[in-house]
Amino acid sequence: MLQIHEITALRAQVADWKHQGLRVGFVPTMGNLHDGHFALLELAKSRCERVVSSIFVNPTQFGPNEDYARYPRTEQRDIDGLARNGCDVAFLPSADVMYPFGIKNYVQMHVPGITDILCGAHRPGHFNGVATVVARLFNMVQPDAAVFGRKDYQQLQVIRYMTREMSFPVEIIAAPTLREASGLAMSSRNQYLSDDERITALEVFRTLQFMRDACIAGISSDHIEQQAFERLEAKGFEVDYAEIRAEDLGRLARARGNARVALIAAKLGRTRLIDNLEFEIIS
Ligand code: AMP
């Protein structure tokens, strides 16, 4: 596996592959890689002949009181993991490569509408930062396809919208959420959890299952959301939201079709957990 830090070398490698007629896949990450990330890599490899993965902890997607400084950075272990899992290029840009004029006066992406709800409402500016870095990465890597996890459901919708609006020639591939045997969705932030919190954290997935089952049983979403909220609060979570939405994250009143998604974001101690569960209602 090649390790590349500069855009020129990256583009030369990708251009070379494309000249050979090889399809290039891309998996962006913030490092501290776990099996969920490696499953994305596997999916990229099944759809593309060559795969680039990036590691960059993006400062512009963290709010002023969020965990940017303490976000787990495990670069050497991550590089070893990428190599072991069949990645062809690890792209490791510095902050100067990503933001050549710094992060005070940088060109920003803003995806309207969808970034104002759910996590966007609780993390102002977060999705602008995500869209900004992903647009830059698409431009640097110039992949044919990019894989994103359904674990970050709203992020996936933001990326899809931006890609369509900006005509980026990149196929967006969604990967299923990888969970531990307990049901806990894998996340780099899980390592902030104490042993007790790890057990309490299972309540997020259980509550999502409760929301799904109640919705399929025809109970009103307001009632379900209220119960989900109370259930999580009773376990000690500080709940940002527990909602059922249409698959495009629109309100249920305007939903077309039967596809639904239950979404939760809640803090346990200092750790903010997000998870979601997609399902179909019976019409
Ligand atoms: P991150 O490093 O947290 O920014 O995540 C990089 C990519 O991995 C994103 O597309 C995430 O949605 C995806 N991802 C993170 N955790 C999981 C998981 N448990 N299952 C599937 N994809 C995941």
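The values are calculated or read from the model by the stated rules, or taken from the named source; none is laboratory data. Model, not experiment: these values are computed from the prediction. Cβ atoms come from the backbone with ideal geometry, glycine included; neighbour counts cover every protein chain shown.
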Going by the structure shown, is ARG206 under 13 Å from ASN276 (Cα atoms), in contact (Cβ under 8 Å) with a residue 12 or more places away in the chain and surrounded by fewer than 17 Cβ atoms within 10 Å (Cβ to Cβ)?
yes
Subset of segment 118-146 [within 15 Å of the ligand (Cβ to nearest atom) and either in contact with a Cys (Cβ under 9 Å, 6 or more places away or on another chain) or among the aromatic types (Phe, Trp, Tyr) (or both)]
HIS126, PHE127, PHE138, PRO143, ALA145
What number of residues within segment 44-58 are touching a residue at least 60 places away in the same chain (Cβ under 8 Å) and over 15 Å from the mean Cα position of the chain (by Cα)?
4
Output for segment 243-254, where each listed residue is farther than 19 Å from LEU156 by Cα and either surrounded by 14 or more Cβ atoms within 10 Å (Cβ to Cβ) or not assigned by TED's automatic domain parsing to the domain that holds MET211 (or both):
LEU252
With the requirement that a residue be in a strand (DSSP E or B) and surrounded by fewer than 18 Cβ atoms within 10 Å (Cβ to Cβ), what does segment 272-282 give you?
GLU278, GLU280
Taking the condition touching a residue at least 60 places away in the same chain (Cβ under 8 Å) and more than 30 Å from LYS267 (Cβ to Cβ), does ARG84 pass?
no
Restricting segment 63-88 to residues that are touching a Gly at 6+ places or on another chain (Cβ under 7 Å) and within 15 Å of the ligand (Cβ to nearest atom), the one farthest from LEU2 (Cα to Cα) turns out to be ARG73
